[in-house]
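Everything on this sheet refers to the single structure shown next.
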Amino acid sequence: MAIERTLSIIKPDATKRNLTGKINAKFEDAGLRIVAQKRIQLTMEQAGKFYEVHKERPFYGELCEFMASGPVVVQVLEGEGAIAKNREVMGATNPADAAAGTIRAEFAESVGENSVHGSDAAETAAVEIAYFFSGLELVG
Ligand code: CMP
């Protein structure tokens, strides 16, 4: 399988509860390498642009407010099949459906406050990584 990169976000519910290290350990234990990482505070506008694809969804406003409500950790994860592997480690979007041992099963509070985001495909990963990181910030 090819080496891929994917964009991950540790969301405000998780940074608030000091879970960054525990979540990063899950990624590293699964063989994913954190090749870029920074803790930032998104504005409503920045969150809105990132989640533009969900603009028509009823939860869009709530989602943007939540993502701008506290610090997030944006990161690039690298590894074999990193996009699918990260989604496996995160678990289902709704923590009620997430498999035991996944990040969302262990840490997420609700479908909205679900601790982590991960890119869903190669094209999305490229766009999402470029949204937060320049090439110079990616050290493999
Ligand atoms: P994420 O992987 O970041 O991508 C879009 C997000 O929208 C998703 O995780 C959820 O946190 C959020 N989301 C999805 N469904 C709902 C919902 N019904 N209510 C609130 N937020 C939702």
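Just the number, please: Stokes-Einstein D of region 26-137 in µm²/s, Kirkwood Rh from C-alpha pairs, 20 °C, 1.002 mPa s.
Details: Rh = 14.8 Å.
Rounded to a whole number, D works out at 145 µm²/s.
Using the Karplus relation 6.51 cos²θ - 1.76 cosθ + 1.60 with θ = phi - 60°, the per-residue 3J(HN,Hα) values for region 87-99 come to 5, 5, 5, 5, x, 4, 3, 8, x, 5, 9, 7, 5 Hz, with x marking Gly and Pro.
Give me the percent of the accessible area of region 1-133 that comes from carbon and sulfur atoms, probe 1.4 Å, all protein chains in place. Spell out each step's value before the answer.
Values: 3390 of 6770 Å².
Of all accessible area on region 1-133, carbon and sulfur atoms account for 50 percent.
Ranked highest first by average number of other Cβ atoms within 10 Å, how do 1-14, 31-44 line up?
Details: 1-14: 20.2, 31-44: 15.1.
Output ranking for 1-14, 31-44: 1-14, 31-44.
Along region 62-77 the Karplus relation, 6.51 cos²θ - 1.76 cosθ + 1.60 evaluated at θ = phi - 60°, assigns HN-Hα couplings of 4, 4, 5, 4, 4, 5, 9, 7, x, x, 10, 10, 9, 8, 10, 9 Hz to successive residues, with x for each Gly and Pro. Computed from the Cα positions only, the extents of region 8-83 along the three principal axes stand at 35, 27, 18 Å, in decreasing order.
In the context of the full set of protein chains, the chain has a per residue accessible area of 52 Å² (1.4 Å probe). Region 80-135 and region 1-28 have their alpha-carbon centroids 8 Å apart.
Each Lys or Arg adds one and each Asp or Glu subtracts one; over the other residues with Cβ under 15 Å from the Cβ of Thr124, this totals -2. Computed over neighbours whose Cβ is under 13 Å from that of Ala82, the net charge equals -3, Lys and Arg +1, Asp and Glu -1. The phi-based Karplus calculation (6.51 cos²θ - 1.76 cosθ + 1.60; θ = phi - 60°) puts the 3J(HN,Hα) values of region 32-43 at 8, 9, 7, 9, 7, 6, 8, 9, 9, 10, 7, 7 Hz, whole numbers, x for Gly and Pro.
Expressed as a whole percent, the proportion of Cα-Cα pairs in region 45-108 lying more than 13 Å apart is 71%.
The values are calculated or read from the model by the stated rules, or taken from the named source; none is laboratory data. These figures come from a predicted structure and were not determined experimentally. Note that we place each Cβ from the backbone using ideal geometry, even for glycine, and neighbour counts take in every protein chain shown. Please note that ligands, DNA and RNA were not included when accessible areas were found on the heavy atoms of the full protein model with its side chains. Shrake-Rupley method; radii C 1.70, N 1.55, O 1.52, S 1.80 Å.
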